[in-house]
Amino acid sequence: MMMRASETLRAYDTWVIFTHRKSDGDALGSATALFEAGVNAGKSVSWYSPDTKLPEGYRYLSHFDDFRTREEFSFNDDDTLYVFLDCATEVRSVSGYDTRVCVHTLNIDHHEDNTEYARVNCVDGKASSTCEVLYRIFKAGSWEITPKIAESLYTGIFTDTGGFIFSNTSKLTHDIAGELIALGVDPSIMADRISQNKSVPDFQIWARALSRVKVFGDGKFAVSMIYADDFHEAGADMTGTEGLSQMFMTIRGVKFAAVATEYPDGTIRLSVRSREGSPFGAGEFARAFGGGGHERAAGCTFDFPAVEVMSRLEAEILRRYHVSIHVGERRDVLYHECYSPHQ
Ligand code: 5GP
Ligand code: MN
């Protein structure tokens, strides 16, 4: 699979890279790593997503300034390879891709729910990050991993594993990180750039969200919300919330967290996290509202008026929680009826 992806990349002289909206470290890391590898191989490369602005904290990545905003794209050049990175479905990025018409597409990803929408699909749902998959593609095809590429790849691995602490962290993840360090990455500098790098307005947004937390359901669930006015009042743009929902998982006993963000047009987006011990996964919850992601980190839109979002979220979560308790009790009763020794 890695070799096939590598050969596909080699076969085209022009690459167009797409990443998902609301860029995170893995999307940016994989795009900039692939961009640099393409330039080094003499390819003509460009990179798009529907985002109007990238998170400033990632400016240290090479080719950060080569990003261009596009809502729509025409996939009509037979000599161009269109590469989707970190996108579980094609609708997560620019519109205009018709899976039946354009065949020059490559999909590199690590979402378990990836719909394999491209001609060539290189998807490993067990990989920590798209950057990990990309590293393996580069190794399979003997692409040179320069220090700049190594920094980009390390960024995605670091961010998608929460700094090597989430359950998607494996020996392989650490082995690859070790290789990247050997290639020139300084882990302490990277941790500073990624984690100790909030702007004051972003910090104030986090403070507002943290102060609004509501914990309920035997202390298992946490929800919070950021309103469009918060961004306005703090002077923050909307790119600084990566990692915020994870923060709520640091509350003792919390197994599931959902943080809602209100966009200026009134759209509400949820960022959802879960861990072992949650009666339902983040992915399952997000899918119920038309979203998706990983089992323990997912997102969706939530079509309720902003003033109702917190209470609706609580109600939706509690409803599922009570169903799970009820199913558990039913299972216990059935088990008892079937297996308890009769007198
Ligand atoms: P985050 O909460 O960090 O924005 O997203 C968590 C994970 O869920 C990421 O892997 C992200 O790509 C995925 N995700 C977020 N929103 C959506 C969505 O609307 N649809 C799908 N399929 N995945 C999403
Ligand atoms: Mn990712």
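Checked across segment 13-20, the condition of being in contact (Cβ under 8 Å) with a residue 40 or more places away in the chain, touching a His at 6+ places or on another chain (Cβ under 9 Å) and under 25 Å from Val103 (Cα atoms) holds for no residue.
For segment 244-253, the criterion of being touching a residue at least 12 places away in the same chain (Cβ under 8 Å), open to solvent by 20 Å² or more (accessible area, probe 1.4 Å) and within 16 Å of ligand 2 (Cβ to nearest atom) is met by at least one residue. Only a single item in (1) away from ligand 2 (no atom under 16 Å from the Cβ); (2) open to solvent by less than 10 Å² (accessible area, probe 1.4 Å); (3) in contact (Cβ under 8 Å) with a residue 60 or more places away in the chain is not met by Asp77, and it is number (2). So which residues in segment 201-246 are more than 15 Å from Ala257 (Cβ to Cβ) and either of a type in the set (Asp, Glu) or assigned to a loop (DSSP other than H, G, I, E, B) (or both), if there are any at all? Answer for segment 201-246, where residues must be more than 15 Å from Ala257 (Cβ to Cβ) and either of a type in the set (Asp, Glu) or assigned to a loop (DSSP other than H, G, I, E, B) (or both): Asp202, Tyr227, Asp229, Asp230, Glu233, Gly235, Ala236, Asp237, Met238, Thr239, Gly240.
Sort out which residues of segment 100-123 are within 14 Å of ligand 1 (Cβ to nearest atom) and either in a loop (DSSP other than H, G, I, E, B) or open to solvent by 30 Å² or more (accessible area, probe 1.4 Å) (or both), and write them in order of number. Steps first, please.
As a first pass, look at segment 100-123 and keep what is within 14 Å of ligand 1 (Cβ to nearest atom): 107-117, 123.
Matches in segment 100-123: His110, His111, Glu112, Asp113, Asn114, Thr115, Glu116, Tyr117.
Within segment 1-26, restricting attention to residues that are away from ligand 1 (no atom under 16 Å from the Cβ) and assigned to a loop (DSSP other than H, G, I, E, B), the residue that is least open to solvent (accessible area, probe 1.4 Å) is Tyr12.
For segment 27-43, which residues satisfy the criterion of being in contact (Cβ under 8 Å) with a residue 40 or more places away in the chain and assigned to a loop (DSSP other than H, G, I, E, B)?
Residue satisfying the conditions is Ala41 alone.
Of all residues in segment 181-192, those being in contact with a helix residue (DSSP H, G or I) (Cβ under 7 Å, 6 or more places away or on another chain) and within 17 Å of Asp26 (Cα to Cα) number 3. Considering segment 304-340, the residues that are at pLDDT 95 or above and assigned to a loop (DSSP other than H, G, I, E, B) include one that is nearest to Leu270 (Cα to Cα), namely Phe304.
The values are calculated or read from the model by the stated rules, or taken from the named source; none is laboratory data. None of these values were measured; they are calculated from a predicted model. With ideal geometry, Cβ positions are generated from the backbone for all residues, glycine too; neighbour counts draw on all protein chains shown. Note: accessible area is taken over every heavy atom of the protein model, side chains too, but ligands, DNA and RNA are not part of it. Shrake-Rupley method; radii C 1.70, N 1.55, O 1.52, S 1.80 Å.
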